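Have a look at the structure below, then the notes.
The values are calculated or read from the model by the stated rules, or taken from the named source; none is laboratory data. If you're wondering where the values come from, they're calculated on a predicted model, not measured in any experiment. Backbone-built Cβ (ideal geometry, glycine too); neighbour counts: all protein chains shown. All accessible areas refer to the heavy atoms of the entire protein, side chains included, with ligands and DNA or RNA removed. Shrake-Rupley method; radii C 1.70, N 1.55, O 1.52, S 1.80 Å.
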Amino acid sequence: MKLHIKSKKKVVFGSVVLILFSLWWFCLPRYLFISATSFVIDDNHGQLLGASIASDGQWRFPYNSKVPEKFKACIIAFEDQRFEHHPGVDIMALGRAVRQNIRARHVVSGGSTLTMQVIRLATRNHRTIWQKLVEVFRAMRLELTHSKTEILALYCSNAPFGSNVVGLDAASWRYFGRNPAQLSWGEMAALAVLPNSPSLVHPGKNRLILIRKRNQLLDKLHHLHVIDATTALLAKQEPVPDKPMPLPQLAPHLLDRFKNNHATNPDNGTRITTTINSVLQQNVADILERHHQVLKANDIRNAAAIVLDVETGQTLAYVGNIFHTNDPELESNVDVIAAPRSPGSTLKPLLYAASMHDGLILPNSLIPDIPTQIAGYHPENFDLGYDGAVPASRALARSLNVPAVKLLQQYKYERFHAFLRKAGITTLKQPADFYGLSLILGGGENNLWELSGAYADMARTLNHYRQYRGLYNLSDFHNPVYKVAVPVKPVLEKSGLLDAGSIYSTFQAMEEVMRPGDELLWQQFSSTQRIAWKTGTSFGFRDGWAIGVTPRFVVGVWVGNTNGEGRPGLIGVNTAAPILFEIFRQLPVTRDWFDMPMGEMARIGVCHESGYRAGDNCDHVDTVWVPKTGLKSPVCPFHQLVHLDATRKWQVNSACEAPANMVHQSWFVLPPSMEYYYKTKNYQYKQLPPFRADCSPVQQQRPMELIYPKDGAKIYIPLEADGSRGRMICTAAHRQPGIKIFWHLDDRYLGETLDYHQFALNPSAGRHKLTLVDANGARLQIGFDVLDKGK
């Protein structure tokens, strides 16, 4: 019976012990500190770029596992000298505190260890005897599973340092404007005494007490042989904190971007080490500020710039806007790098490369540059002029709009829309039909982040061609990053989104910097560094762009007004390009250029006049390197074999000349509308000789062409200044000079033109038929609609 009772007592005792042990073991929450923390970004060397106050109004940086040795020595000497040896509670310190409190008849010392203070900071309990006992047991439990270094780091990250400053990191920046690791002994001692009496740092109050406590700690450190007498003496001469200092704001818009990204992925911490180079960041910000002082005279108030590393896609500088928070008109809080804007002409290099990749053109294939109207859409060049036909590379370098639209019409805007999405452009929220052909001229919305990233993607693909031995890594096309990403093993394939040959040819064309109306500006931008670059200007002069690329870097610049206000002179080449080249001068200069990807290039015969693959009738052939995809490009469509008489002044045919007497000659012949403008810009162009008077021109095709209006056009005729109805000017081109054209509207004869074929019409609203007949009887007829203003 007694054995049974003893056994029962053992079970009860064991159960009680187990329960008490369980309570003790689980007395700590999973996370000791759950308070909101500040968002903090550091540069690529760990220096603070910026921080935002926590949601509870405290400057509380996230947990930092690294504790500076100076602070460790100071805080242990001041708060808990036996910290390295006790199990969480210091019995000797508690006994001393009890004696002091009894002698003083009120609480003058708590006897708490640093471990116990961590518990109190985590639980925020009032300092009663019962809570003191709880702290003791929890402190011992904390010591069991945490190292002394971890406990000290918890204390450093959560101790109060006066005002709304929590943690050593925040205190170091708020009171001394430096990283804790850079503080002196005097500065660190001043911080070490603050958690015990945070009110000592209030501006203008208690400064003598703070100095006295700091100096006592320095004397103690000297007594403990932590520092020598000279160091202690010099440290005492240092000033103590007066009032909190503003934190650095080197990258405020990147900080906002980080906060926004964190909202969608809250599992990550609120402090990151970015890829930003703080020196370059400051230099870029200074460059923008200098140009801002000039541009604001024209009410151009905002600018942004980004610098990317091509190899990694890492962001080296991120200046999202001019940052003057005291001027509300600037809207400094708007991050323009992330804001969708009209990209102007900055998508043209992507279309140029994609068209070569598909074999639609060669680098210098002639593209029509004539008045164009497609389903009511009427694009115009920047200078409002036309070249008739222009090599694709020159059209890109000069940023001509009409050739770009013609090329997109050939490539198909639906395919280009899908291509841009594959290239990482996410800002095109609408379907392709919403944008149509205007997509290539800024009719969509893009941002500097993704556009600069797309240029870097092309450069990266070209750089990797040799490294991957002619294969492609589809992951080379990715958006930029602002923190170091974990390297991913490349998955190589035989083809990529763009082939290296097309990219190389695109960058070669982009080395040209002239643009219509600004032919002389390129002389201002001469540089020892080869740069492929492109400018853009949105409709209404609202956005000026410039993006440049080298084998190592991409620089993107935007200039404009965040409220969308357009300004005269807000042109990419005038506003953004000077900033672009000044930023490039801040980067390491390299004379290296992209290697020609020989495996993706082919040496073929190209027609000198047309830039197309040479055909049988091309008599002037250049042998040049072109992307290998050009092997499937069209043969020159503009050279034809013509038959001349012996004088070579007249065309003839078998009806009027014996074949034996004919001279057969290859001739470069453009369609009439292209020829009309091309011959004015190219003096070497020779028009076809006319047919001899005794020859009927039965073999001639398309002798004339209507430049305006086009068949199916919808036309609005505005009123004149005096309120009268305006007129529409119709223009035609004829291959034969000196010939008459007879004009008819709705089968009613209007008149005739000679040489210069323009005719002013004043048709009523509705459907009309325009008929042209030349002196040889050739006939041309189109239909058009005049819109009713009232409808």
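Among W650, N682, S724, whose Cα lies farthest out toward the positive end of the dipole of the range 640-725, if unit charges sit on the beta carbon of Lys, Arg (+1) and Asp, Glu (-1)?
Result: N682, furthest along the dipole toward the positive end.
Rg and Dmax of the range 111-193, Cα atoms, in Å?
Over the range 111-193's Cα set, Rg and Dmax evaluate to 14.1, 41 Å.
Within the chain, what percent of beta bridges assigned by DSSP are antiparallel, to the nearest 5? Working shown, then result.
On the way: 82 of 93 bridges.
The answer is about 90 percent antiparallel.
Distance check, please: which entries in K686/K740; K412/K686; K236/K483; K412/K679; K148/K489 exceed 31 angstrom between their Cα atoms?
Details: K686/K740 21 Å; K412/K686 33 Å; K236/K483 41 Å; K412/K679 29 Å; K148/K489 39 Å.
Over 31 Å apart, Cα to Cα: K412/K686; K236/K483; K148/K489.
As I understand it, the value is the acute angle between the Cα axis of helix 2-25 and the longest principal axis of the Cα atoms of the chain; what does it come to in degrees, rounded to 10?
Helix 2-25 and the main axis of the chain meet at about 50 degrees.
Could you tell me which of rounded, prolate or oblate describes the chain, using a ≥ b ≥ c as the square roots of the eigenvalues of the alpha-carbon gyration tensor, with rounded for a/c under 1.5 and, failing that, prolate when a/b is larger than b/c and oblate otherwise?
Numbers: a/c = 3.19, a/b = 2.90, b/c = 1.10.
Prolate is the answer for the chain, as a/c is 1.5 or above and a/b outweighs b/c.
Longest span of the chain, sites excluded, free of GluC sites (Glu not before Pro) in DSSP loop with at most 12 other C-beta atoms within 10 Å? Provide the component values of the computation, followed by the final result.
Values: sites that count: E84, E519, E720.
Counting only loop sites that pass the neighbour cut-off, the longest clear stretch is 85-518.
Net charge within 10 Å of V652 by Cβ-Cβ distance, Lys/Arg positive one each and Asp/Glu negative one each, not counting V652 itself? Display every interim value, and only then the final one.
Working: positive: R692; negative: D645, E657, D694.
Net local charge, V652 excluded: -2.
For a test of the definition: using alpha carbon positions, the gyration tensor, and the 1.5 limit on a/c, classify the range 582-714 as rounded, prolate or oblate.
Working: a/c = 2.85, a/b = 1.89, b/c = 1.51.
Prolate, because a/c is 1.5 or more and a/b exceeds b/c.
What percentage of the solvent-accessible surface of the range 559-639, computed with a 1.4 Å probe over protein heavy atoms, is contributed by carbon and sulfur atoms? Please report the intermediate quantities before stating the final value.
Numbers: 1680 of 3610 Å².
Accessible surface attributable to carbon and sulfur in the range 559-639 totals 47 percent.
In whole Hz, with x marking every Gly and Pro, tabulate ³J(HN,Hα) for the range 211-223 from phi via Karplus 6.51 cos²θ - 1.76 cosθ + 1.60, θ = phi - 60°.
These are the phi-based 3J(HN,Hα) values: 5, 4, 5, 4, 5, 5, 5, 4, 5, 5, 5, 5, 4 Hz.
Once you've got the Cα coordinates, tell me which of K494/K534; K406/K534; K494/K628; K632/K710; K534/K681 are over 22 Å apart. Spell out each step's value before the answer.
On the way: K494/K534 29 Å; K406/K534 19 Å; K494/K628 14 Å; K632/K710 31 Å; K534/K681 24 Å.
Table pairs above 22 Å Cα-Cα are K494/K534; K632/K710; K534/K681.
With a cut-off of 18 Å, note down the residues of the range 430-463 whose backbone N falls inside the zone around a label point 7 Å from the Cα of Y377 toward its beta carbon.
From the range 430-463, the list is 430-446.
Can you tell me the Rg and the Dmax, both Å, for the Cα atoms in the range 302-423?
18.2, 54
Against the longest alpha carbon principal axis of the chain, how many degrees, from 0 to 90 and to the nearest 10, is the axis of helix 448-467 turned?
On a 0 to 90 degree scale, this one is about 80.
Excluding S184 itself, calculate the net charge of residues whose Cβ lies under 10 Å from the Cβ of S184, where each Lys or Arg counts +1 and each Asp or Glu counts -1. Show your work: numbers first, answer last.
On the way: positive: K70, R178; negative: E187, E238.
Summing Lys/Arg as +1 and Asp/Glu as -1 gives 0.
What's the local net charge at Y318, with K and R +1, D and E -1, over the other residues with C-beta under 15 Å away?
Working: positive: R257, K259, K483; negative: D42, D43, D256, D286, D309, D335, E450.
Every neighbour counted, the sum reads -4.
If I take all pairs of Cα atoms in the range 573-614, what percentage of them are more than 11 Å from each other?
Working: 672 of 861 pairs.
That tail contains 78 percent of the Cα-Cα pairs.
Multiply the residue gap between D286 and K679 by 0.36 nm, knock off their C-alpha separation, and tell me the result in nm, one decimal place. Mind showing how you got there, number by number?
Values: separation 393, 0.36 × 393 = 141.48 nm, distance 4.83 nm.
Length gained between D286 and K679: 136.6 nm.
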